[in-house]
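Accompanying notes for the structure given below.
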Amino acid sequence: MLAYTFRDTGRLELCEKPRPAILEDTDAIVRVTLSSICTSDLHIMAGNVPRAVNGVTLGHEMVGVVEETGRGVTGFRRGDRVSVNVETFCGECFFCRSGHVNNCSSPEGGWSVGCRIDGGQAEYVRIPMADNGLNHIPPTVSDEQALFTGDLLSTGYWAADIADITEGDTVLIIGAGPAGICTLLCTMLHRPARIIVCEKSPWRRDFVRSHYPDVIVTGPDDCLETVLSNSAHGGADSVIEAAGTDGSFRLAWQCARPNATVAIIAMYENAQTLPLPDMYGKNLVFKTGGVDACHCDEILRLIAEGRLDATPLITRRFALAEIDKAYEVFSGRADGVMKIAVDCSPAPHNKREFEPAHTAEHILNATMVKMFGCPRSRNAHIERKKSKCDYLLDACPSEDQVSRIEESVNEVIRRGLDVSIEFVPKDKAAAFVDLGKLPADAPDTIRIVRIGDYDACACIGSHVSNTADIKGFRILSHSYADGVWRVRWKVLAD
């Protein structure tokens, strides 16, 4: 299967990994339908998460469908649509019973998925302690609506809860990134008198104004003055710091009124210092740490009721095969991106394309379009050397040759294997496909054809039909074992 992997500091790679298997009776295997990229993934990439493991598949924001469960899983079964919790927790230890699931005493407790064990920027993911780590998505809730349940919305729900918000309060939220927006949504549930959002980015300030017109919006330079003019007791009653910079940390305690609660939910790259002499007499209560994501069912209920909607955060969408580009866009905040939805589903498989046809030409073109991405061209040919499928596909194939093509395609259908196509840079394709001797002027982008969920792959040197530079490709090996059809291809040079 495809999985986006943390190789080393600054180096991520989309690569083939084995499909995960049940390791414990309490595990579940989830087919990921939609995933996302979190700022925490960027922290891992930058080497700022020491507990992250080299070689781990990234991704802890995801939804999907249960494919398999261990014998000890009682709350879920194959086919259930589920959201995945950012945290793994046993539900039985001292911390779990106290509601502090982020501190679960289990060896895999806390933030494990996408950090210490393989995560969900992949086609499949293993979820330990699945009865706690999964939640049923209501039938009326879409994948996009549920996508942020296990992390961002859980963070916002937890942040608003620990901030001790009451009706009539003035609440300051510092940071209007995805975590800040989800905190804003959950703060609204507490019905404070005023919500002030401080954000340095002009386009993020515009995002808040356009979607939440009742919220007061300010920048860091004007934040203290704005808070003082919109509060009755010399500062905000509750401050939630979601930005994670030296300046935002300082602003948080400066804007709080005496005896206020300051909730720190951001992840910092630098150590922070409490200037106790400066804040002496303010008697502030600081609450910090990672999210206790144990209210996912409540969040999904609120989504189903229309009281929580984080879908405006999804400003870009990419396929899993394009995740390198997705990371580039997200990390650079290109085009005002807030959050990215990554479609991890295989490409749709239209079996009607392979139904018996009346002409050899129809079969040939349907096969070429589906399996190789372009119709038959004058230069396309396939050489296959197997006992029952030796053929050379000429520009004008015989009925016998077309019959053999049809036989191969029907075999794909019989085994229920999807065919998907992606474009991969030549240097990355060479890591898992024997490209052979490519012409010097071969294109930089290689077309990869995957068959099923496994490592079957094919490549040609161009995505344009009728190219004269590369005439075709050769199958190096073709085998079927343990329910897997594996094919290895190689580009044929002139």
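The values are calculated or read from the model by the stated rules, or taken from the named source; none is laboratory data. On a predicted model such as this, the values are computed, not experimentally measured, just so you know. Note: ideal-geometry Cβ built from the backbone for every residue, glycine included; neighbour counts use all protein chains shown.
A few comments on the model shown:
- Test for Met267: is it surrounded by fewer than 21 Cβ atoms within 10 Å (Cβ to Cβ) and modelled with pLDDT under 90: yes
- Output for the stretch 74-94, where each listed residue is more than 28 Å from Ile37 (Cβ to Cβ) and β-branched (Val, Ile, Thr): Thr74
- Given (1) surrounded by fewer than 18 Cβ atoms within 10 Å (Cβ to Cβ); (2) part of a helix (DSSP H, G or I); (3) β-branched (Val, Ile, Thr), number of the condition Thr315 does not satisfy: (2)
- Note on the stretch 230-264: among residues that are hydroxyl-bearing (Ser, Thr, Tyr) and modelled with pLDDT of 95 or more, the one that is nearest to Ile196 (Cα to Cα) is Ser238.
- From the list Ser238, Ser248, the lone residue that is within 27 Å of Gly289 (Cβ to Cβ), in the same structural domain as Val262 (by TED's automatic domain parsing) and not in a helix (DSSP H, G or I) is Ser238.
- All positions within the stretch 199-227 that are of a type in the set (A, V, I, L, M, F, W, C) and either part of a loop (DSSP other than H, G, I, E, B) or surrounded by 16 or more Cβ atoms within 10 Å (Cβ to Cβ) (or both): Phe207, Val208, Val215, Ile216, Val217, Cys223, Leu224, Val227
- Test: residue in the stretch 158-169 that is among the aromatic types (Phe, Trp, Tyr) and under 20 Å from the mean Cα position of the chain (by Cα): no
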